[in-house]
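Below: one structure, written as structure tokens.
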Amino acid sequence: MPPPPPTGPHRDHLRVRASLAFTEARFALRRVLARTGTRWRRSLQLRIAVSTLLLSAIAVGLLGVVLVQRIVTGLVEAKRRVALSEATAGFAAAAQQAAQNTGSPIIAINALAREVANRGGSPAEGVSLVILGTGEDSTGRAVPDDVLDASVPPGLRRAMNGPAAPPAYAYTTLRYRDGRAEPALAIGSPLFFPSSTQVYQLYYLFPLTQERATIALVRGTVALTSGLLVLLLGGIAALVTRQVVTPVRLAAGAAERLSAGRLTERMTVSGEDDLTRLAVSFNLMAGNLQRQIEQLEELSRLQRRFVSDVSHELRTPLTTVRMAADVLYEARADFPQQIARSAELLQTELNRFEALLADLLEISRYDAGAALLDPEPADLGSLIRRATAAVEPLAVRRGTEISIRLPAVPCVAEVDSRRIDRVLRNLLVNAVEHGEGGPVEVTVAQDETAVAIAVRDHGVGLRASEIPRVFDRFWRADPARARTTGGTGLGLSIALEDSHLHGGWLQAWGRPGQGAVFRLTLPKRAGAELTGSPLPLEPNGARPPRLALPAGRPDA
Amino acid sequence: MKGRVLVVDDDTALAEMLGIVLRGEGFEPSFVFDGDAALAAFRQVRPDLVLLDLMLPGTDGIDIARALRAESGVPIVMLTAKSDTVDVVLGLESGADDYIVKPFKPKELIARIRARLRQPAESVSEVLNIGDVNIDVAAHAVRRGALTLSLTPLEFDLLVALARKPRLVFTREMLLEQVWGYRHPADTRLVNVHVQRLRSKIERDPEHPEIVLTVRGVGYKAGPP
């Protein structure tokens with residue numbers, strides 16, 4: 001039983017499949033094109049080879065055409081000249097015969113035709129003769145007799161009608177009764193008989209078959225050689241470019257490896273050509289680069305070493321001074337008032353000196369690139385509680401209340417606890433010191449990849465122009481303000497470096513009279529890239545700047 | 001109170017100052033200024049505690065700590081000018097119990113020394129077990145089967161602290177307070193390094209601990225008894 005013809009839905013299905021196949025094919029084509037395009041853009045060798053191929057194809061093609069043209073013209077011209085001279089001789093003989101003839105022209109013509117036929121074709125082998133009458137006797141005779149009268153082109157016949165027409169010629173097609181045809185040159189001349197007023201036309205038809213074969217051969221040969229020549233040129237171009245491109249590619253590869261940090265990478269040098277010079281200068285460059293980088297590394301190593309040495313050399317005497325000052329300070333009650341006060345000053349200033357020294361060493365460690373991250377999972381909530389506890393005494397002295405808002409689940413992130421503790425303390429101390437006694441709020445939030453801690457105060461706040469500068473070293477919001485606190489002026493710079501070391505952000509927000517927010521955002525996994533912060537930088541309910549309260553008034 | 005302190009420091013001014021402070025607190029200091037002479041002085045003085053400067057001419061502090069540990073569990077407190085990870089961890093790994101970064105206040109130093117010289121409270125005979133490790137607290141002895149394990153006083157304290165509350169997970173901060181006597185936040189690397197040292201002595205395979213377990217993100221706890 002034959003399968004039923006496709007019904008509607010079935011046909012639709014087929015159409016869908018066909019259109020799918022079409023789309024697929026289109027995509028495949030586009031992919032191939034794209035790939036080819038990419039190769040085209042990337043490969044100098046391909047471009048040069050292809051353009052050489054195209055240009056040489058055009059040039060060789062033009063040359064071939066001209067060459068063939070010349071050969072054809074020469075061949076045909078030679079044939080024509082030979083044919084004309086033979087025909088002229090034939091015409092002369094015919095005219096002579098006609099002049100001697102006194103009978104009916106028909107007889108003479110028949111005799112002429114017979115003679116041509118008997119000689120096996122006169123004036124030369126393979127030449128046909130057609131005699132056509134005009135006027136009363138319009139019959140034609142052809143030798144050999146399978147040649148059609150129509151082989152004589154009408155244009156030539158008309159040209160022959162003049163009273164004293166010279167021998168004329170035209171190119172034509174020689175047609176035979178059996179349908180064969182070949183190109184030929186027809187040369188004709190009128191034939192007059194003294195005994196008759198009847199004018200006859202005598203045509204010799206020279207077949208050009210030989211010439212045509214020769215021309216075809218020449219054409220074929222020229223086309224073949226041209227094609228081969230073009231391919232050869234393309235190949236040569238590809239080879240030559242390859243010779244140039246290969247060292248360039250080698251140089252590019254070496255440069256890539258060099259920039260990837262393999263400083264010992266060099267190119268092999270052989271020969272004395274330009275490309276060798278490329279290799280030599282590349283190696284020279286690589287050598288200089290390596291030397292400079294090693295010099296910088298050496299400098300940085302020395303710098304680190306220096307910092308470490310200074311640290312040690314400075315700290316040992318400072319320890320002695322510190323202890324001596326402490327002993328004096330403890331015993332100050334036994335001293336006269338002036339000396340006791342001196343001991344106190346010595347003590348407090350030593351504290352500042354120590355803090356400054358510690359911060360300076362820390363910052364120079366960052367400058368030397370010697371700061372190392374030592375991350376391990378830690379709960380930021382407990383880090384904040386610890387930092388808050390440490391700042392608490394200062395907060396109490398300032399009458400500041402620190403409140404902490406933590407999410408219900410612990411915020412665990414891979415951090416260097418020592419550094420984050422330092423950052424948090426810094427932010428808290430800053431908030432307490434600039435908070436003018438207003439409350440300080442610490443908010444913690446987290447998302448999939450990051451944790452954020454925002455420390456908000458309600459103090460004098462920051463002007464927009466000050467925000468980018470708060471992290472500058474030794475920067476003070478108001479130089480005229482008394483240095484009431486023991487801050488070193490490096491705290492926020494170090495905090496910023498600490499957060500950057502974690503791949504984190506430390507950002508500031510502030511408005512005059514509305515306090516400031518410092519937000520620390522850290523990736524949960526050490527070294528991960530941050531894309532956003534779980535907390536907004538600008539606090540809810542912040543008023544636009546122009547509505548700001550006069551500086552100095554507490555916000556709450 | 002035990003009070004013989006050996007100060008190993010090449011800086012004579014600092015050594016003298018340390019002497020003044022230590023004597024003021026009732027300790028009995030003796031001094032050695034050269035790393036090479038440290039071990040001989042230790043054997044002669046038999047101190048209760050060694051204050052060891054990390055950077056010394058001759059044998060450096062790290063080698064001295066290693067040598068001292070090889071023959072004694074004496075508490076070692078390092079004096080260091082470098083708080084960088086590598087130096088401190090190296091010192092702790094070579095056997096120092098605690099460290100103090102220059103410049104320090106005399107009170108800090110005394111507190112560190114006192115914490116290390118603290119006498120354990122007289123306890124009735126108390127025996128603790130974690131896994132196959134048996135701890136006799138009063139006798140200061142730790143055994144696995146018939147094998148006696150030799151722990152320093154600090155390592156012993158650490159193990160006992162964990163073993164006494166086997167269900168409790170100790171944060172590093174808790175251990176710092178309980179074992180090292182820090183009232184304020186301190187360097188948690190102390191805990192990490194000494195847990196490693198303790199494990200290398202009591203665990204069958206320190207890579208897969210069964211006695212002192214890590215609770216990721218929180219701290220440590222004792223293994224099941």
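With a ≥ b ≥ c taken as the square roots of the eigenvalues of the C-alpha gyration tensor of region A:258-328, please select rounded if a/c is under 1.5 and otherwise prolate if a/b is larger than b/c or oblate if it is not? Prolate is the answer for region A:258-328, as a/c is 1.5 or above and a/b outweighs b/c. Remark: the Cα gyration tensor places region B:2-51 in the oblate category, a/c being 1.5 or greater and a/b not exceeding b/c.
I want to verify the translational diffusion coefficient of region B:109-172 in µm²/s; compute it with Stokes-Einstein, Rh as the Kirkwood radius over Cα pairs, at 4 °C and 1.567 mPa s. The calculation lands on 100 µm²/s. Estimated from helical segments only, the mean residue ellipticity of chain B at 222 nm is -11500 deg cm²/dmol, where each DSSP H run of four or more residues counts as -39500 (n - 2.57). Taking 0.36 nm per residue of sequence separation and removing the Cα-Cα distance, the A:T102/A:S342 pair yields an extension gain of 69.8 nm.
For region B:32-134, the list of GluC sites (Glu not before Pro) that fall in a loop by DSSP and count at most 11 other C-beta atoms within 10 angstrom reads B:E122.
Remark: mean inter-chain Cβ contacts per residue of A:344-355 equal 1, using a 10 Å Cβ-Cβ cutoff to other protein chain atoms. The equivalent ellipsoid that matches the C-alpha gyration tensor of region A:153-263 spans semi-axes of 72, 14, 9 angstrom, in descending order.
Taking the number of Cβ atoms within 10 Å of each Cβ as an exposure proxy, the fewest-first ranking of B:S72, A:S226, B:S200 is B:S200, B:S72, A:S226.
Footprinting exposure proxy ranking of A:W475, A:W505, fewest other C-beta atoms within 10 angstrom first, gives A:W475, A:W505.
Measuring nothing but how far apart in sequence close Cα pairs (under 8 Å, 6+ apart) lie, relative to its length, chain A scores a relative contact order of 9 percent.
Taken as entire DSSP H runs, the helices of chain A that both span 30 Å or more between Cα atoms along their own long axis and average -1.0 or more on the Kyte-Doolittle scale are A:8-42, A:44-100, A:209-259, A:274-330, A:337-367.
Helix B:61-71 and the longest principal axis of the Cα set of chain B meet at an angle near 50°. Remark: region A:209-348 is approximated by an ellipsoid whose semi-axes, taken from the C-alpha gyration tensor as √(5λ), come to 88, 15, 8 Å, largest first. Principal axis extents of the C-alpha atoms in region A:211-251 (largest first, rounded to whole Å): 59, 7, 5.
Would you give the gap between the C-alpha center of region A:36-69 and the C-alpha center of region B:40-71, rounded to a whole Å? Computed from Cα coordinates, the inter-centre distance equals 84 Å.
Inter-chain neighbour count for A:317-330: the average number of beta-carbon atoms from partner chains within 10 Å of each residue's beta-carbon is 6. If R₀ is 41 angstrom, what is the calculated FRET efficiency for the pair A:S382 and A:R305, using the beta carbon separation as r and rounding to 0.05? That pair, A:S382 with A:R305, gives E of 0.65. For chain B, the longest principal axis of the alpha carbon atoms and the long axis of helix B:153-164 meet at an angle near 30°.
I need the shape label for region A:376-432. Rule: rounded when a/c is under 1.5, else prolate if a/b > b/c, else oblate, with a, b, c from the alpha carbon gyration tensor. The shape class here is oblate. To the nearest ten degrees, helix B:35-45 and the longest principal axis of the Cα atoms of chain B are 70 degrees apart.
The orientation-averaged projected area of the convex hull spanned by the Cα atoms of region A:356-456 comes to 7.2 nm². Three principal axis extents of chain B based on alpha-carbon atoms, in descending order, are 51, 34, 30 Å. Determine which residues of region A:177-200 fall in the zone a paramagnetic label at A:L148 would reach in this model, i.e. backbone nitrogen under 16 Å from the point 7 Å along Cα→Cβ. The answer is A:177-184, whose backbone nitrogens lie closer than 16 Å to the label point. For n ≥ 4 DSSP H runs only, could you compute -39500 (n - 2.57) per run for chain A, divide by its residues and tell me the 222 nm figure to the nearest 500? Helices in chain A give a 222 nm mean residue ellipticity of -19500 deg cm²/dmol.
Mean projection of the Cα convex hull over all viewing directions, computed for the protein assembly as shown: 76.0 nm². Using only side-chain charges placed at the Cβ, +1 for Lys and Arg and -1 for Asp and Glu, the dipole size of the protein assembly as shown relative to its Cα centre rounds to 2760 debye.
As a proxy for reagent exposure, ranking B:Y220, A:Y203, A:Y329 by other Cβ atoms within 10 Å from fewest up yields A:Y329, B:Y220, A:Y203.
None of the figures in this text is laboratory data; all of them are computed from the coordinates on show. Quick caveat, the model's predicted, so the values are computed rather than measured. Glycine gets a Cβ as well: all are built from the backbone with ideal geometry, and neighbour counts include every protein chain shown.
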